[in-house]
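Structure first, then comments.
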Amino acid sequence: MIFKKALPRRTFLHGMGAALALPLMDGMLPAFAKAQGSAQSPTRLSFLYVPNGVIMDKWTPAAVGTGFAMTPVLAPLAPFQDKLLVLSGLVANGARALAGEGAGEHARASATFLSGVHPKKTEGSDLRAGISVDQIVAQHLGGETQLASLEVAIDSTDVVGTCDTGYSCAYSNTLCWRTETTPIPMENQPRAVFERLFGDSDSTEPAERLARIQRRRSILDSLVEDAAHLASGLDPSDRAKLNEYLDAVRDVERRIEVAEEQSSREVPNLERPTGIPAKFTEHCKLMMDLQVLAYQTDMTRVISFMIGREQNTRVYDELGFSDAFHPLSHHQNDPTKIAKVVQINTLHTQMLAYFLERMQSTRDGDGSLLDHSIVVYGGAISDGNLHLHDNLPVLVAGGGAGRLKGGRHIRYPVETHLTNLYLTLLDKLGIPMEKFGDSTGRLELLSIV
């Protein structure tokens, strides 16, 4: 007979008006489940989007099946090859132009990537696309978490007007649609995301946020007593997990404050979001760490992340050249430009590798966050020079709570819709649907269950 008492799953630290959710610890799992080796953790779903296309012959493995050689762009992901499914041959059919539509490849790519629905061509407010797969999942799982979903980005989404020929910027500013007429804003300010997850204020007014920054008091400083009391009753494993988590929260907050100080000092007269690191890699890692914390505390189980907007003209200073991304993607087969795009594509997969490593190193129940997650990475343009929407750069990482078998490159038949992948993943999440977007069926060989 087992009498060990478990902590409530939704346990918080409280102090001075702050409330901080805790990660999943062994003490939160029923004693009987632990004794039987059947501790259950929720399955998380992440989408990471990259814009402007990829140099596909530097992305696509030559061999299919297991044991494939990693290509230059995929090379940073080598430590996770056994947890990767590289999926070739998928198409974003909804991103293709209809008769008479003409240009607009980038706007259609963003709008259709998670929805599988061809967007209405309009520069006005009469937007129309389709509910995105992340929001389908959020509707089913959101009742179990504080946030139904989280939508984050690197680039500013304050751009308004027309971003692609004949299309409102709203189509390019987000991947996520709550309804067919309601796009969801993406947040690119680390402080705003941090306060949404952990903040000690119900208000996000700039003046109040600035006052909190000026106090220079970490959220954790007001929770020390409560944390110490909780830790005294934990076993050594849970105590170590709690300390690791609190250290991670403190580190993220410290990095946000450093970014806020630097941005204020370096560009005092520029109207820009507070606390965005100057370097892409620093900003990206910070946003990824926030996503890991959101999963670790079970604040949400669904996150969509735009690593870049379509038609992104970012200059990646880390790479040592001043060419902007989108113009480079129209390389016209110039070897020098192609080589620079490959560097950008590889920088993006380096950031993915960072995210996967953070997920892998974060304990979660009887495994890691990566073991219990499904991570979809890719874009809705393959060849950026020609604006092609077939043979997309798409991969799936993670264990999916035992439902995914990685270490394989799978090539699907011509005209296999990307939404077939989403329909299959919905099955794995226990959300079966007959059809999603423009899906035509389910993918074979995707998983072991």
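Residue 272 fails exactly one of the following numbered conditions: (1) assigned to a loop (DSSP other than H, G, I, E, B); (2) at pLDDT 90 or above; (3) surrounded by fewer than 18 Cβ atoms within 10 Å (Cβ to Cβ). What is the number of that condition?
Exception for residue 272: condition (2).
Considering only the range 249-267, I want to know if a residue exists there that is in a loop (DSSP other than H, G, I, E, B) and at pLDDT below 65.
Checking the range 249-267: at least one residue is in a loop (DSSP other than H, G, I, E, B) and at pLDDT below 65.
Any idea how many residues of the range 120-167 are in contact with a helix residue (DSSP H, G or I) (Cβ under 7 Å, 6 or more places away or on another chain) and either at pLDDT below 90 or outside any helix (DSSP H, G or I) (or both)?
Residues in the range 120-167 being in contact with a helix residue (DSSP H, G or I) (Cβ under 7 Å, 6 or more places away or on another chain) and either at pLDDT below 90 or outside any helix (DSSP H, G or I) (or both): 12 in total.
Does residue 69 fit the bill of being without any contact (Cβ under 8 Å) to a residue 60 or more places away in the chain, more than 19 Å from the chain's Cα centre (by Cα), surrounded by fewer than 16 Cβ atoms within 10 Å (Cβ to Cβ) and farther than 20 Å from residue 416 by Cβ?
Answer is yes for this residue.
On the given criteria, is residue 363 at pLDDT 95 or above and in the same structural domain as residue 113 (by TED's automatic domain parsing)?
no
Give me the pairs, please: first residue somewhere in the range 131-153 and closer than 18 Å to residue 172 by Cα, second residue anywhere and among the basic types (Lys, Arg) and in a helix (DSSP H, G or I), beta-carbon distance under 9 Å, and either six or more positions apart or on two chains.
Matching pairs, first to second residue: 150/196.
Could you pull out the residue among 380, 397 that is closer than 19 Å to residue 61 by Cβ, in contact with a helix residue (DSSP H, G or I) (Cβ under 7 Å, 6 or more places away or on another chain) and of a type outside the set (Phe, Trp, Tyr)?
None of the others qualify; the one that does is 397.
Name every residue in the range 362-388 that is over 28 Å from residue 54 (Cα atoms) and of a type in the set (Val, Ile, Thr), in order of residue number.
362
Within the range 80-119, which residues are part of a loop (DSSP other than H, G, I, E, B) and among the acidic types (Asp, Glu)?
Across the range 80-119, the qualifying residue is only 101.
Test of understanding: among 440, 416, which residue is over 23 Å from the mean Cα position of the chain (by Cα) and surrounded by 19 or more Cβ atoms within 10 Å (Cβ to Cβ)?
Going through 440, 416 in turn, the sole match is 416.
Here is a check on your reading of the model: is residue 72 in a loop (DSSP other than H, G, I, E, B) and touching a Gly at 6+ places or on another chain (Cβ under 6 Å)?
no
Being surrounded by fewer than 18 Cβ atoms within 10 Å (Cβ to Cβ) and either aromatic (Phe, Trp, Tyr) or at pLDDT below 95 (or both) is the filter here, so list the residues in the range 324-357 that pass it.
Matches in the range 324-357: 354 only.
Across the range 382-405, what is the number of residues that are at pLDDT below 95 and either more than 19 Å from the chain's Cα centre (by Cα) or aromatic (Phe, Trp, Tyr) (or both)?
3
Examine the range 358-367 for a residue that is touching a residue at least 24 places away in the same chain (Cβ under 8 Å), part of a loop (DSSP other than H, G, I, E, B), at positive phi and of a type outside the set (Ser, Thr, Tyr), and state whether such a residue exists.
yes
The values are calculated or read from the model by the stated rules, or taken from the named source; none is laboratory data. These numbers come from a predicted model, not from an experiment. For neighbour counting, all protein chains shown are included, and Cβ atoms are generated from backbone atoms with ideal geometry for every residue, glycine included.
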